[in-house]
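First the structure, in the form of structure tokens, and then the observations on it.
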Amino acid sequence: MKMAWKEIVKNKVRFLILGSIIFLVSLLTFIISGLANGLSQDNASFITDLPNGTFYMQEEANESFPLSRIDNYTLEQIKQGHPDAVAFSIQMGFLHDESDKQQSVAFVAATDSPLFEQVRHGEIILDQSLAQEGISVGDSLTISQLSGTLEVKGFINQKNIAMHLSHISV
């Protein structure tokens, strides 16, 4: 220990640089892990905010909800046993505002349910974060997957979902 201490005192600059590097790597790791944790919660907040229940998925989807599709017959069987059941779909995509600025969003479509805001065909409800980007109620937005425009009917708070599309019919 005495020899190590003498070495540290003799080469202060070398050990100061080495200590600084270790500190900066630790700080970088802390910041990146916090960012990753925040992004994962942002992406999962929609599903974690849903009430407790059971999620039904196709067996062939290998537990990947974007690949799962429940057919009408199965949905009707589920709704007979659970009248408050809701079918919904989530898909990632982009929308363009009136100035052609592109926004990355999660599209959500659902059957009638009190869990989702009611909109008509051609209407959307956006996350409040998009209002900070300059989008307002009444704006017309275009989506490359659809022809035509969608009108902004309102905003929701703290759902981290960028869009609710009109209800799907099954």
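The values are calculated or read from the model by the stated rules, or taken from the named source; none is laboratory data. Remember, predicted model here, so these are calculated numbers, not experimental data. Positions of Cβ are generated from backbone atoms using ideal geometry, with glycine treated the same way; all protein chains shown enter the neighbour counts.
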Of all residues making up the range 80-91, the number that are part of a helix (DSSP H, G or I) and farther than 13 Å from G53 by Cβ: 1
Every residue from the range 156-169 that is at pLDDT 50 or above and buried (at least 17 other Cβ atoms within 10 Å of the Cβ): K159
Residues that are surrounded by fewer than 17 Cβ atoms within 10 Å (Cβ to Cβ) and over 17 Å from the mean Cα position of the chain (by Cα), drawn from the range 87-110: H96, E98, S99, D100, K101
Hits in the range 83-141 (condition: over 24 Å from S68 (Cα atoms) and touching a Phe, Trp or Tyr at 6+ places or on another chain (Cβ under 8 Å)): Q102, Q103, I125, L126, D127, Q128, L130, A131, V137
Filter pass, L67 being at pLDDT 75 or above and not assigned by TED's automatic domain parsing to the domain that holds N157: no
V137 being in a strand (DSSP E or B) and surrounded by 12 or more Cβ atoms within 10 Å (Cβ to Cβ): no
